[in-house]
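The values are calculated or read from the model by the stated rules, or taken from the named source; none is laboratory data. Everything numeric in this text was worked out from a predicted model, so none of it was measured. As a convention, Cβ positions derive from the backbone with ideal geometry for all residues, glycine included, and neighbour counts pool all protein chains shown. Keep in mind that these areas ignore ligands, DNA and RNA; they rest on the heavy atoms of the full protein, side chains included. Shrake-Rupley method; radii C 1.70, N 1.55, O 1.52, S 1.80 Å.
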Amino acid sequence: MLNRRITVAALAAATAIGLALSPAAAQQKPPVKIAAIAPLSGAGAFDGQLAVEGMKAMAEVINQRGGILGGRKIELVTYDDKGTPEEGVSAAKRAMEQDNVDMIVGGWFSAVALAQKEVTRDKIINVMTSSQHPNVTEQGHKYLFRLNATSTMMSDTYSKFICDKMKVKSVAFITINDDYGRLEVENYKKLLASCNIEVKGNEFYNRDDTDFTTALTKLKALNPDAIYVSAINTSQGATIYRQIRQTAFKGTIIASAGNMNPKLIELSGPALEGVYCVSLFAPDSQNSSLKQWMTQYKKDFKNEPSFIGSLGAQAVQVLAEAADKAGSSRDYDKIAQTLKSRKWDTLLGQISFTDKGQAMQNIYLVQVKNKQIVSVASGS
Amino acid sequence: MIKGRLPLVVAVLGILPFVVGNAYLQHMLVLWAIYALLALSLNMIVGYLGELTFGHAAFFGIGAYTSAILSMNYGLPVWLGPFAAAIVAAFFGAVIGYVALRIVGPQFAILTLGFGSILYTITNYWVDLTRGPMGISNIPPFSLPGLDIDFTRADRMYYVALVVLLLVAYGCRALMTSRTGRAFIAVRENAPLAASTGIDVFHTKLLGFTIATALAGVGGALYGHYLRVITPDLMSLQYVAALIIMVIVGGKGTIIGPIIGAGIYVALLEALRVVGSLRLVVFAALLTLCVIFLPGGLVSLWRRYAGRQAAGGAS
Amino acid sequence: MDFIVLGQQIINGLVNGMGYVLIATGLTLVFGVLRIVNFAHGEFYMLGAFLTYYALTLFGVDYVAAALLATIAVAGLGIGANRFFFRPLRKEHEFTILLSSLGLSLLIANGAEELFGADPKYVMSPYADEASEIGPFVVTEQRLIVFAAAAVVMAGVYWFIRYTRMGKMMQATAQNPEGAALTGINTDFVHGYTFALACGLAALAGALVAPTAMLFPTVGSWAVLKGFIVVVMGGLGSVTGALLGGLLLGVVESLGGGYISLGFKDAIGYAIIIAVLLWRPQGLFSVSRSTR
C-alpha cells in the first residue's frame with residue numbers, strides 16, 4: 001500500500017518535471033473525461049480495484065502516446081458504486097450532471113448495469129464491462145455498448161468443452177444467488193442435458209456468505225463427478241475452492257467463466273491446480289497492445305494484470321480510438337456509429353459490435369498450470 | 001423553536017432547488033427530503049417510544065416493493081402507490097409489532113433485527129414476485145393525471161418529497177401535542193407508572209410502531225419511483241445504521257432533529273468526497289467525535305444557546 | 001448414508017458454533033459488566049484475523065505465535081477503546097453509547113479498508129487444508145483446533161470469573177456497580193480489563209477462524225451480528241448462555257442450511273431466536289433478573 005503511494009507520488013513528480021521541461025503547450029487542451037464507475041468498497045471492492053487499475057494503465061499508455069483528438073489526454077474520474085444498483089445510478093447521475101464527463105464506463109455487475117443503463121440511456125456513451133446478463137444489451141439503446149460476452153455465449157462455448165473433453169458424467173453446482181448465477185445454472189442445465197451429463201443439484205449462496213461447508217457437504221453427498229463453481233467475486237471464489245478441498249471432495253472442479261485471475265490462484269492454493277475456465281483474457285497471448293498494457297500495469301500497480309482489468313483497459317482503448325476516429329468526444333451519434341461500423345484491434349484481440357452494441361469477442365479456454373493461467377485452445 | 005418563522009423556513013426550502021441550480025445537487029436535495037422523512041419515522045420509535053429497532057429498513061423496502069409491484073404489474077396509478085405502500089407496510093408493522101412489542105430493551109432490538117432479516121431473505125429469494133437480488137428496474141416515475149411533468153427530474157421530484165415531508169412533520173407535531181402523543185412520552189419515561197394512570201401501554205406502543213412503519217413505507221415508495229430501481233439491499237442493515245445516525249446526530253425525540261440529521265448525513269458524505277478514499281474514515285471519525293462531545297445531538301446546541309440567552313436576559 | 005451427512009452437518013455446525021461462542025462471550029461480558037451493547041465488537045474479531053496475517057507475513061513467526069500476538073495486541077486496543085469511546089459517555093443515554101460504538105465500528109472498518117487494502121487476504125495455517133477423516137466424517141485439523149482451543153479458553157474464562165479475585169470483582173460490578181464501588185472496588189479498572197478480555201476473545205476467534213475463509217476488512221459486521229444473536233438467545237450477561245447458545249446456533253444453521261435451504265440459513269437462525277425470545281424473553285440460560 002505504502003509502496004504504491006510512493007510509486008505513484010514518484011511518477012507524479014516525474015511527470016510534473018517532464019511537463020515543466022517540455023516546451024510544447026499541448027497541455028492547454030482540455031482532457032477527455034471518462035467516468036470509471038466500479039465497486040470500490042464492500043464485497044466487490046477488490047475486483048473493482050483491479051478494474052480501475054486496468055483502466056488507468058491503459059489511459060496512461062494512450063496518454064504517453066500523446067493522447068487522442070490531437071493531443072487531448074484521457075482523464076479518468078472514479079466513482080464507487082458499492083456493487084449496488086442505487087449507488088450505480090447515483091454515481092452515473094453525478095458523473096453526467098456534476099462532473100460533466102464525456103463518456104462512462106461501468107456496469108461490472110449485471111444488476112448495476114441494468115439499472116444504470118436507464119439513467120444514461122440516449123444521453124451519453126456508456127460502455128458496460130463485465131456484466132454478463134443478456135438483458136443489458138437486449139433492447140439496444142443507441143449509446144449503450146457491452147464488452148463481455150453474455151453468459152449465454154460463454155456457456156455455449158464452455159459446455160461444448162465440458163461435454164467433449166472433460167469426461168464427467170454428472171455435475172453439481174454451487175451458484176451465486178443473482179441474475180448471473182441463476183442464468184448460468186439455467187443455461188447449463190439445458191446444455192449439459194443435451195450431452196447426457198446429469199445435473200445432480202444446485203445450491204445458491206448469498207453475496208456476503210463466508211462459510212460454504214454446509215452447501216459443499218450437501219453437494220458432496222450427491223456424489224457428482226464434478227462441482228461447477230459460479231463465482232465472480234475473487235474473495236468468495238477463493239473461499240469456495242479452498243473449502244471444496246477442505247471437505248475432501250476428490251472429483252473435478254469446474255471454474256465459472258471469466259473470473260480466473262492471478263490473485264484467485266494465489267489465494268485458492270492447490271485447489272485450483274489443473275482447473276479449466278473460459279475467459280476473454282489469456283495472459284500468454286502474443287498481442288502487442290496487451291503486452292504494452294501489461295508492462296505499464298506492472299509498473300504502476302502491485303497487483304497482477306487480471307481479466308477484469310483487461311476488460312476495463314479494453315473499454316478505455318475502444319472509446320479512445322472511436323472518439324479519435326469520430327473526431328469528437330461529445331458527438332455521441334457519430335461515436336456510436338463509428339463503434340458499430342468497423343472492427344477494432346484491442347488488447348484482447350479483434351472485436352466488433354453488433355447493432356445492439358454487444359461486442360463479439362474471442363473466447364479462450366484457459367487452464368491453471370503451475371499457478372499460471374495458460375491458454376489451451378481458442379474457442380469461437 | 002421555529003414557531004413564528006415557519007413560513008420563512010418553508011419559503012427557503014421551496015426556493016432551494018433554484019439556489020443550488022445544478023441537477024446533481026438537486027438530486028441530493030431529493031435524497032435529503034426522503035431520508036428526512038424516514039428519519040422522522042424512525043424517530044417515532046427511537047425518540048418517542050424509547051425503543052431501539054434494527055428492522056426499520058425492512059418497512060422502507062416493503063413500501064418500495066409494494067408500490068413498484070402494484071404499479072408495474074397491477075396497473076395501480078403511480079400516485080396511489082405511496083398510499084398502498086403505507087397500508088402494506090403498516091400491516092406488516094402491526095403484525096410484527098403485535099408480536100415483538102411484548103418485549104423491551106436489547107431483546108426487542110434483536111427481535112426486530114430478526115424480523116427484518118427474515119423479510120430481507122424472503123425478498124431476496126421470492127424471485128417470481130420481487131425478481132430477487134436482480135431487483136426491479138424501470139419503475140414508472142410519478143405522474144399526475146392530465147399534467148405533463150417529468151418527475152424523474154430532481155427539481156420536480158423535490159417538491160413532491162418536500163410536500164410529503166412537511167405534511168409528515170406537521171402530522172408528527174400534531175400527534176405529539178395530542179393526548180396520544182403525551183401517552184407515548186409517558187410510556188417512554190416510565191411504563192409502569194403510565195399503566196397505573198390508565199394508559200394501555202402495549203396498544204400505545206403498537207400504535208406508534210404501526211404509524212412509524214407506515215411512514216417508512218411511504219418513504220420507500222417515493223424512493224422507488226424516483227430512483228426507478230430497487231433491490232433487496234434497501235432492507236439491509238446499512239440503511240438502518242444510516243437512519244440511526246441521522247436521528248441521534250440530529251437529536252432524537254424532536255421533529256427538527258432528524259430532519260437536520262438527514263441533511264448533515266447527505267451533505268457531509270457529499271462534501272467529504274474531497275478527501276478521496278479517506279471519505280468514510282473521516283465521516284466515521286466526525287460522527288464519533290460528535291457523539292462524544294455532543295451526546296444530545298445537534299439540537300442540544302440550540303438548547304444550550306437558548307439556555308445561555310435566557311440566563312443572560314435574567315441577570 | 002443420510003446418517004453420515006447428518007453427522008457431518010452437525011460437526012460443521014459445532015465448529016462454526018464454537019467460533020460464535022468466542023465472539024459472543026466477549027459481547028456478553030461487556031454487556032453484563034458495563035451495560036454496553038458494543039457494536040464495534042465485530043471489528044476486534046476482524047483486527048484479530050488481520051493482525052495474525054501481518055504477524056505471519058511481516059514477522060515470519062509461526063501461526064500459533066501469530067495468533068497469540070494478535071490476541072494480546074487487540075486486548076490492548078480494547079482497553080484503549082473503552083478509555084476513549086465509552087468511558088466519557090458512562091452517564092449518557094444507552095442509545096448515545098450505542099451510536100458511539102457504531103461510530104467506532106465504522107471508523108475501524110473503513111480505516112482497515114484504507115490501511116490493509118481491498119485485496120482479500122488469506123491466513124496461511126499449516127493445519128488449514130489437511131483433512132482428517134474420522135470414520136466417515138471429514139474435518140480439517142484447523143477446524144479441530146478451532147473447537148479444541150475455544151473449549152479450553154472457555155473453561156479458562158469460566159474459572160477466571162468464578163474463582164479469581166479479578167473475576168469476583170467483575171461479578172460484583174455486574175450485579176451492583178454502586179455497591180461494588182462502595183466496597184472499594186475500582187470499577188474503572190474492572191471495566192478496563194473486562195474490555196481487554198472481551199476484545200482478546202474476539203481477536204482469538206478471528207485468528208482461529210481466519211484460515212477457513214478469505215479475509216477482508218468488512219467481516220466484522222458479520223461477526224457482531226452472530227454475536228448479538230447468540231448473546232440474546234443465551235441470555236444477556238450469561239457466559240454459560242453464550243456457550244450453549246453459540247453451539248446451538250451453529251448446529252441449527254448448519255442443519256437448516258443443509259436440509260431446508262442454504263439461502264435461508266440466516267433466516268432460519270433468526271426464526272429460532274424469535275421463537276426463543278417469545279418463549280423466554282430473558283434468554284434460554286439466563287439467571288432471573290430479580291437476583292440483581
Are any residues in the stretch C:50-94 in contact (Cβ under 8 Å) with a residue 12 or more places away in the chain and among the β-branched types (V, I, T), and if so, which ones? C:T52, C:T71, C:I72, C:V74, C:I79
Take the conditions within 23 Å of A:S159 (Cα to Cα) and facing chain C (nearest Cβ under 8 Å) and apply them to A:A238. Does it pass? yes
In the stretch C:138-159, what residues are free of Cβ contacts under 8 Å to residues at least 60 places away in the same chain and over 15 Å from C:V15 (Cα atoms)? C:A155, C:G156, C:W159
Taking the stretch C:162-210 as the region of interest, how many residues are touching a residue at least 24 places away in the same chain (Cβ under 8 Å) and surrounded by fewer than 20 Cβ atoms within 10 Å (Cβ to Cβ)? 6
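Look at the stretch A:328-380 and say how many of its residues are outside any loop (DSSP other than H, G, I, E, B) and either among the polar types (S, T, N, Q) or at positive phi (or both).
To start, the set of residues in the stretch A:328-380 that are outside any loop (DSSP other than H, G, I, E, B) comprises A:332-341, A:344-346, A:349-353, A:358-360, A:364-369, A:372-378.
Restricting the remaining residues to those that are either among the polar types (S, T, N, Q) or at positive phi (or both) gives A:337-338, A:341, A:346, A:349-350, A:352, A:358, A:367, A:372, A:375, A:378.
Residues meeting the conditions: 12.
This table checks each residue for (1) modelled with pLDDT under 90; (2) over 26 Å from A:Q49 (Cβ atoms); (3) out of contact with any helix residue (DSSP H, G or I) (no Cβ under 6 Å at 6 or more places or on another chain).
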site: A:L272; (1), (2), (3): yes, no, no
site: A:L280; (1), (2), (3): yes, no, yes
site: A:S285; (1), (2), (3): yes, no, yes
site: A:Q317; (1), (2), (3): no, no, no
site: A:A320; (1), (2), (3): no, no, no
site: A:I335; (1), (2), (3): no, yes, no
Kindly indicate whether B:H225 is within 14 Å of chain A (Cβ to nearest Cβ) and either in a helix (DSSP H, G or I) or in contact (Cβ under 8 Å) with a residue 60 or more places away in the chain (or both). yes
Out of A:K218, A:K200, I need the residue that is touching a residue at least 12 places away in the same chain (Cβ under 8 Å), touching a Gly at 6+ places or on another chain (Cβ under 8 Å) and more than 26 Å from A:F307 (Cα to Cα). Which one? A:K218
Among the residues of the stretch B:12-33, what is the count of those that are without any contact (Cβ under 8 Å) to a residue 60 or more places away in the chain, surrounded by 11 or more Cβ atoms within 10 Å (Cβ to Cβ) and more than 14 Å from every other protein chain (Cβ to nearest Cβ)? 1
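Would you tally the residues in the stretch C:240-261 being open to solvent by 20 Å² or more (accessible area, probe 1.4 Å) and either over 21 Å from C:W279 (Cβ atoms) or within 14 Å of chain A (Cβ to nearest Cβ) (or both)? Spell out the reasoning first.
Quick first cut of the stretch C:240-261, residues open to solvent by 20 Å² or more (accessible area, probe 1.4 Å) only: C:240, C:243-244, C:247-248, C:251-252, C:255, C:259-261.
From what's left, either over 21 Å from C:W279 (Cβ atoms) or within 14 Å of chain A (Cβ to nearest Cβ) (or both): C:251-252, C:255, C:259-261.
Looking only at that region, the number is 6.
Conditions (1) farther than 16 Å from A:Q296 by Cβ; (2) open to solvent by 10 Å² or more (accessible area, probe 1.4 Å); (3) outside any loop (DSSP other than H, G, I, E, B); (4) of a type outside the set (G, A, S), marked per residue:
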| residue | (1), (2), (3), (4) |
| --- | --- |
| A:I34 | yes, no, yes, yes |
| A:I37 | yes, no, yes, yes |
| A:S41 | yes, yes, no, no |
| A:D47 | yes, yes, yes, yes |
| A:A51 | no, no, yes, no |
| A:M55 | no, no, yes, yes |
| A:A59 | no, no, yes, no |
| A:N63 | no, yes, yes, yes |
| A:G66 | no, yes, no, no |
Meets criteria (in contact with an Asp or Glu (Cβ under 7 Å, 6 or more places away or on another chain) and within 14 Å of chain B (Cβ to nearest Cβ)) for C:G220: yes
Report every pair of residues separated by at least 6 positions or lying on different chains whose Cβ atoms are under 9 Å apart, first residue within the stretch A:268-287 and under 17 Å from C:A128 (Cα atoms), second open to solvent by less than 30 Å² (accessible area, probe 1.4 Å) and assigned to a loop (DSSP other than H, G, I, E, B). A:S268/A:V275; A:S268/C:Y122; A:G269/C:Y122; A:G269/C:A128; A:G269/C:D129; A:P270/C:D129; A:A271/C:D129; A:L272/A:M260
Answer yes or no as to whether A:K82 is within 11 Å of chain B (Cβ to nearest Cβ), of a type in the set (K, R) and open to solvent by 40 Å² or more (accessible area, probe 1.4 Å). yes
Can you report the number of residues in the stretch B:92-138 which are more than 10 Å from chain C (Cβ to nearest Cβ) and among the small types (G, A, S)? 5
Can you find a residue in the stretch A:184-192 that is more than 23 Å from the chain's Cα centre (by Cα) and assigned to a loop (DSSP other than H, G, I, E, B)? no
Selection from the stretch C:12-47 of residues that are of a type outside the set (V, I, T) and within 14 Å of chain A (Cβ to nearest Cβ): C:N12, C:G13, C:L14, C:N16, C:G17, C:M18, C:G19, C:Y20, C:G42, C:Y45, C:M46
Hey, can you tell me all the residues within the stretch B:186-212 that are open to solvent by 90 Å² or more (accessible area, probe 1.4 Å) and not in a helix (DSSP H, G or I)? B:T197
Within the stretch C:54-77, identify whether any single residue is within 14 Å of another protein chain (Cβ to nearest Cβ), under 20 Å from the mean Cα position of the chain (by Cα) and of a type in the set (F, W, Y), and answer yes or no. no
What's the total number of residues in the stretch A:162-180 that are away from chain C (no Cβ under 11 Å), in contact with a Phe, Trp or Tyr (Cβ under 7 Å, 6 or more places away or on another chain) and either assigned to a helix (DSSP H, G or I) or under 25 Å from B:T130 (Cβ atoms) (or both)? 1
Please pick out the residue among B:A169, B:A183 that is open to solvent by less than 20 Å² (accessible area, probe 1.4 Å), within 28 Å of B:V78 (Cα to Cα), assigned to a helix (DSSP H, G or I) and more than 14 Å from chain A (Cβ to nearest Cβ). B:A169
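Does A:V89 meet the test of being among the aliphatic types (A, V, I, L, M) and within 12 Å of another protein chain (Cβ to nearest Cβ)? Steps first, answer last, please.
Values: among the aliphatic types (A, V, I, L, M): yes; within 12 Å of another protein chain (Cβ to nearest Cβ): yes.
Answer is yes for this residue.
Conditions (1) surrounded by fewer than 24 Cβ atoms within 10 Å (Cβ to Cβ); (2) assigned by TED's automatic domain parsing to the domain that holds A:A336; (3) small (G, A, S), marked per residue:
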| site | (1), (2), (3) |
| --- | --- |
| A:T129 | no, yes, no |
| A:Q132 | no, yes, no |
| A:G140 | yes, yes, yes |
| A:Y143 | yes, yes, no |
| A:K165 | yes, no, no |
| A:I174 | no, no, no |
Quick one: how many residues across the stretch A:109-151 are touching a Pro at 6+ places or on another chain (Cβ under 6 Å) and away from every other protein chain (no Cβ under 12 Å)? 1
Assess whether B:Y48 counts as being aromatic (F, W, Y), more than 19 Å from B:A242 (Cβ to Cβ) and assigned to a helix (DSSP H, G or I). yes
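Got a sec? Which of B:A84, B:A58, B:A36, B:A89 is over 30 Å from C:V231 (Cα atoms), open to solvent by less than 10 Å² (accessible area, probe 1.4 Å) and among the small types (G, A, S)?
The unique qualifying residue is B:A36.
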Residue selected from the stretch C:119-161 under the condition open to solvent by 30 Å² or more (accessible area, probe 1.4 Å) and of a type in the set (D, E), by the criterion nearest to the other protein chains (Cβ to nearest Cβ): C:E133
